[in-house]
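Report on the following structure.
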Amino acid sequence: LRQTKVTQPAIFLHAVALAKSLGDDFKPDMVAGHSLGEFSALVAAGALSFEDGLTLVYQRALAMQAACEKTPSTMAAVLGLADDVVEHVCAGITDQVVVPANYNCPGQVVISGSIEGIDKACEQLSAAGAKRALKLSVGGAFHSPLMEPARQQLAEAIANTPFKQPVCPVYQNVNALPQTDPDIIKINLIAQLTSPVRWTQSVLAMIADGADSFVELGPGSVLQGLIKKINKDVATEGRQ
């Protein structure tokens with residue numbers, strides 16, 4: 001179950017099943033998903049059929065697994081530093097691949113890259129005042145340039161998959177902007193594999209556009225916790 005090619009379809013199935021189980025009660029004004037969750041959000045919003053979504057998620061998982069096996073790489077969680085400090089440290093390591101990968105909430109950024117690059121970054125980020133710079137037990141450098149082979153592989157599959165206009169705006173990871181145009185959704189979804197997940201920015205954009213209550217559909221309550229750290233005044237609940 002820890003293998004990406006198994007984990008991703010399992011999580012996708014769980015999230016979509018929860019959305020479907022709500023029936024007519026599922027009437028979101030806007031949706032977003034964190035990384036893999038963007039596929040679940042697109043299915044829930046009617047932009048993708050369940051069958052096509054599952055096919056793409058499985059192809060994505062296989063492509064990412066292959067990219068992981070091609071180049072040893074990893075990720076690390078950085079706690080207690082401003083985003084720009086993390087960005088500056090990563091940009092200063094020019095002999096290795098290391099980039100911000102997940103902007104989860106203020107003071108929590110996940111970085112991604114080569115093993116040596118992550119080791120260097122963790123050392124420098126700790127020296128810069130990070131409360132923690134902890135390597136994660138993951139299979140590879142997701143949302144980094146090292147996923148380029150996976151991006152190329154998935155690009156054709158996404159391009160050949162029919163997308164419809166969603167019933168509500170989808171706030172996409174790559175730019176944290178609301179989108180309803182199927183063609184642009186495809187472009188952003190392809191770019192997602194090698195681009196950072198801008199979750200903090202997405203939640204702030206949704207709140208600015210009127211969201212005051214968030215419902216998390218999926219295993220656990222991680223996103224609820226992140227949303228509360230982004231804005232403690234909004235309501236959150238989960239369905240598991």
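Here are some notes:
- Cα-based helix-to-principal-axis angle, 115-127 vs the chain, degrees rounded to 10: 80 degrees
- Accessible area expressed per residue, the chain, with surrounding protein chains retained (probe 1.4 Å, Å²): 46 Å²
- The angle separating the long axis of helix 50-70 from the principal Cα axis of greatest extent in the chain is about 10 degrees.
- Relative to the dominant Cα principal axis of the chain, helix 4-21 is inclined by about 40°.
- Order by protection proxy (mean Cβ within 10 Å, highest first), peptides 95-107, 218-230: 95-107, 218-230
- Put a plus charge on the Cβ of each Lys and Arg, a minus charge on the Cβ of each Asp and Glu, and nothing anywhere else: the dipole of segment 123-179 about its Cα centre is then about 240 debye.
- Carbon + sulfur, % of accessible area of segment 104-230 - ligands and nucleic acids excluded, 1.4 Å: 54 percent
- Across 5/164; 20/164; 27/164, pairs whose alpha-carbon gap is larger than 20 Å: 5/164
- Antiparallel DSSP beta bridges within the chain, percent to nearest 5: 70 percent
- Here the Karplus curve 6.51 cos²θ - 1.76 cosθ + 1.60, taken at θ = phi - 60°, turns the phi angles of segment 177-185 into couplings of 10, x, 9, 10, 7, x, 5, 6, 4 Hz, with x standing for Gly and Pro.
- 3J(HN,Hα) from dihedral phi, segment 195-208, Karplus parametrisation 6.51/-1.76/1.60, rounded to Hz, x for glycine, proline: 10, x, 7, 8, 6, 3, 5, 5, 5, 4, 5, 5, 5, 4
- Net charge of neighbours whose Cβ lies under 14 Å from the Cβ of residue 134, counting Lys and Arg as +1 and Asp and Glu as -1: +1
The values are calculated or read from the model by the stated rules, or taken from the named source; none is laboratory data. As the structure is a computational prediction, the values presented were derived from the model and not from experiment. All Cβ positions, even for glycine, are placed from backbone atoms using ideal geometry, and neighbour counts span all protein chains on display. Just so you know, the surface numbers come from the protein's heavy atoms only, side chains and all, with ligands and any DNA or RNA stripped out. Shrake-Rupley method; radii C 1.70, N 1.55, O 1.52, S 1.80 Å.
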